[in-house]
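*Asks:* After the structure tokens below, expect a handful of questions from me.
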Ligand SMILES: CC(C)(COP(=O)(O)OP(=O)(O)OC[C@H]1O[C@@H](n2cnc3c(N)ncnc32)[C@H](O)[C@@H]1OP(=O)(O)O)[C@@H](O)C(=O)NCCC(=O)NCCS
């Protein structure tokens, strides 16, 4: 990522006065912004997540994704984001809001539709990689895998929290630098200045060169191998991934 764009990424956080909510404006793509979940976008998500290059890459979501599943997802995410957006709209200030994630959809203003999806959640795989402890969890955390919960992660001071990120884009928009810039705005415009968390992690398949490039261009570094039993609906078998992290201090 060239350094001269950094101020633009750092100031990508904007306020939608009509809707009373924040958004992240991509500086090089005036039509694209990262917005909170919006009622009625479930059908856009069905289209997005059912593009084969997208659906096959996702571990946790069903493929194909049904409308029923997307409707439930919509309800769950609206419920989760409502208190965060309420706080933000009351004060119109992000100061002190803490480690929260109010966004969801990469939105085309001209087409009024979702063209990408980004989600960030507390990292329960490995909450804070610590070289000195050779991968053991930070003090105050359980030391066995599987016993970490989202609640235990967010109970830590933000700087000791690790969050996980996942991102997808509509195939017809690949290769224009859109997700690289989206991630830059997320990290520099929200995660670093507002959430203040110490680390963001991404699990990326070794053959996913596009995702690897997006992460590395934004300062993520490879930490170790992650071997996963892949869901049968996405081809099954064992898949090798890389575990990457971005540290806010770098
Ligand atoms: C991964 C993904 C988000 C990349 O989005 P994108 O907007 O096309 O990425 P960018 O255009 O910002 O590309 C960043 C870099 O990766 C390179 N790249 C992109 N796709 C690539 C591919 N398939 N193979 C090799 N390099 C690729 C670009 O050339 C660019 O490099 P450059 O800056 O040196 O030119 C998109 O391909 C996608 O949604 N894939 C399916 C879902 C997915 O895999 N999500 C990630 C799960 S971990």
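The values are calculated or read from the model by the stated rules, or taken from the named source; none is laboratory data. Just so it is clear, the model here is predicted, and its values are computed rather than measured. No Cβ is skipped: glycine too gets one built from the backbone with ideal geometry, and neighbour counts run over all protein chains shown.
*Asks:* Here are the criteria: (1) loosely packed, with under 15 Cβ neighbours inside 10 Å; (2) more than 18 Å from the chain's Cα centre (by Cα). Tell me which single one residue 56 does not satisfy.
*Replies:* Result: residue 56 passes all but (2).
*Asks:* Give the number of residues within the stretch 176-225 that are under 24 Å from residue 11 (Cα atoms) and either part of a loop (DSSP other than H, G, I, E, B) or more than 13 Å from the ligand (Cβ to nearest atom) (or both).
*Replies:* So the answer is 18.
*Asks:* Hey, can you tell me all the residues within the stretch 82-103 that are under 19 Å from residue 199 (Cα atoms) and touching a residue at least 24 places away in the same chain (Cβ under 8 Å)?
*Replies:* If the condition is that a residue be under 19 Å from residue 199 (Cα atoms) and touching a residue at least 24 places away in the same chain (Cβ under 8 Å), then 97, 98, 99, 100, 101, 102, 103 are the ones that fit.
*Asks:* Inspect all residues belonging to the stretch 213-221 and state whether any of them is touching a strand residue (DSSP E or B) at 6+ places or on another chain (Cβ under 6 Å) and surrounded by fewer than 22 Cβ atoms within 10 Å (Cβ to Cβ).
*Replies:* yes
*Asks:* Still on this structure: Quick one: is residue 240 under 21 Å from residue 11 (Cα atoms) and not in a helix (DSSP H, G or I)?
*Replies:* No.
*Asks:* Quick one: which of 115, 153 is at pLDDT 80 or above, surrounded by 17 or more Cβ atoms within 10 Å (Cβ to Cβ) and assigned to a helix (DSSP H, G or I)?
*Replies:* Result: 153 is the single residue among 115, 153 that is at pLDDT 80 or above, surrounded by 17 or more Cβ atoms within 10 Å (Cβ to Cβ) and assigned to a helix (DSSP H, G or I).
*Asks:* While we're on this one: Residue 20 fails exactly one of the following numbered conditions: (1) loosely packed, with under 14 Cβ neighbours inside 10 Å; (2) on the phi < 0 side of the Ramachandran plot. What is the number of that condition?
*Replies:* (2)
The rows are residues; the columns are (1) more than 21 Å from residue 243 (Cα to Cα); (2) in contact with a strand residue (DSSP E or B) (Cβ under 9 Å, 6 or more places away or on another chain).
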| site | (1), (2) |
| --- | --- |
| 163 | no, yes |
| 167 | no, yes |
| 172 | yes, yes |
| 176 | yes, no |
| 179 | no, yes |
| 182 | no, yes |
| 186 | no, yes |
| 192 | no, no |
